[in-house]
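One structure below.
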Amino acid sequence: MKNLTQTAAQNHILNSLGGDELERMLPDMELVTISKGEVLYNPDEKITHVYFPVKGMISVTSLTAEGQQVEIGTIGREGMAGLNVCMEADRTPHESMAQIAGAALKMKASALKDEFNKGGTVQKSLLRFMHAYLLLVSQTAVCNRLHPVDRRLARWLLMCRDRVQSNLLSVTQEFLAAMLGSNRPTVTGAALALKNEGFIKYTRGKVEILDANGLENYTCECYPIVKAEYDRLPKYIVNQICV
């Protein structure tokens with residue numbers, strides 16, 4: 001149990017909880033590794049567990065009838081996958097998969113819902129994260145519709161960096177194209193533009209950010225809008241302990 005408590009501290013929501021709340025939740029949790037590409041939720045399947053990432057990143061994608069896929073949101077150590085259960089929904093039309101391999105604390109959805117309905121810090125922290133996540137989803141829709149691919153790629157790379165706290169990202173151009181709702185030649189051109197600016201370098205299956213400040217200046221306004229909201233999360237959540 002002590003090891004789980006230490007692991008829970010790596011997730012911002014769990015780290016915000018008081019001792020009694022976390023102690024009630026830990027018996028229903030287990031630490032699981034998540035492989036790159038592993039699907040956590042299939043569209044329209046019942047959500048039986050939620051995931052609190054402690055490492056890596058989860059991508060939420062929308063699939064069309066023609067088989068096209070586009071990313072609508074990402075979840076890392078700041079949040080929880082499976083938010084639907086807190087909104088009286090037990091399934092989602094979207095797919096959630098591990099975009100970057102890592103680990104998470106897996107918890108029964110029914111147990112999380114029971115704890116959420118008690119109110120307290122669990123509910124406050126999850127509601128605050130929901131707000132930030134919904135902002136991310138809506139801003140992603142704006143970005144995908146209005147902004148050029150090179151700016152969108154810069155935003156996506158910065159978001160990944162923020163979630164995994166690393167400048168080295170294991171992603172392929174095929175994967176990037178799917179996440180951005182584009183095609184490989186277009187994404188290849190966008191990546192080349194960022195490389196020529198000295199912002200990144202890439203080899204097969206890996207992208208390294210060389211100049212994060214340059215990327216931030218290059219990307220569209222969507223990144224700072226979302227980042228500002230997410231930057232407020234840790235401070236807000238920690239403050240809930242004293243409420």
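Worth a mention:
- Within the chain: Cβ-based charge dipole about Cα centre, in debye rounded to nearest 20 (Lys, Arg +1; Asp, Glu -1): 400 debye
- When the Cα positions of LEU126, GLY198, LEU83 are compared along the charge dipole of the chain, GLY198 comes out farthest toward the positive end, with charges on each C-beta of Lys, Arg, Asp and Glu.
- Between GLU23 and LEU135, the modelled labels are 3.5 nm apart [label points 7 Å from Cα along Cα→Cβ].
- The residue list HIS49, SER166, GLY73 was ranked by how far each Cα lies along the charge dipole of the chain toward its positive end, using unit charges on Cβ atoms, and SER166 comes out on top.
- Degrees separating the helix 120-146 axis from the principal Cα axis of the chain, which is the longest one: 20 degrees
- At most 16 other Cβ within 10 Å, DSSP loop - GluC sites (Glu not before Pro), the stretch 128-214: GLU197
- What separates the Cα centres of the stretch 162-185 and the stretch 73-99 is a distance of 20 Å.
- When only Cα pairs below 8 angstrom with a gap of at least 6 residues are kept, the chain shows a relative contact order of 22 percent.
- Rounded if a/c under 1.5, otherwise prolate or oblate - the stretch 148-219, Cα gyration tensor axes: rounded
- Cα-centred dipole magnitude for the stretch 148-219, charges only on beta-carbon of K, R (+1) and D, E (-1), debye, nearest 20: 180 debye
- Protection proxy ranking, peptides 156-165, 35-44, average beta carbon neighbours within 10 Å, highest first: 156-165, 35-44
- Here is the list for the stretch 44-111: GluC sites (Glu not before Pro) lying in DSSP coil, each with at most 14 other C-beta atoms within 10 angstrom of its C-beta, are GLU45, GLU66, GLU88.
- Helix 222-239 vs. the chain, principal-axis angle (Cα, 0 to 90°, nearest 10): 20 degrees
- Shape call, the chain: gyration tensor on alpha carbons, a/c limit 1.5: prolate
- In the stretch 47-151, trypsin sites (Lys or Arg not before Pro) in a DSSP loop with at most 16 other beta-carbon atoms within 10 Å: ARG91, LYS118
- Residues of type lysines that LYS55 reaches as a straight line, Cα spacing below 17 Å, ignoring anything fewer than 8 places off in the same chain: LYS36, LYS106
Every number here is computed from the coordinates shown, using simple stated rules; none is lab data. Predicted model, so just to flag it, every value in this text is computed and none were measured. All Cβ positions, even for glycine, are placed from backbone atoms using ideal geometry, and neighbour counts span all protein chains on display.
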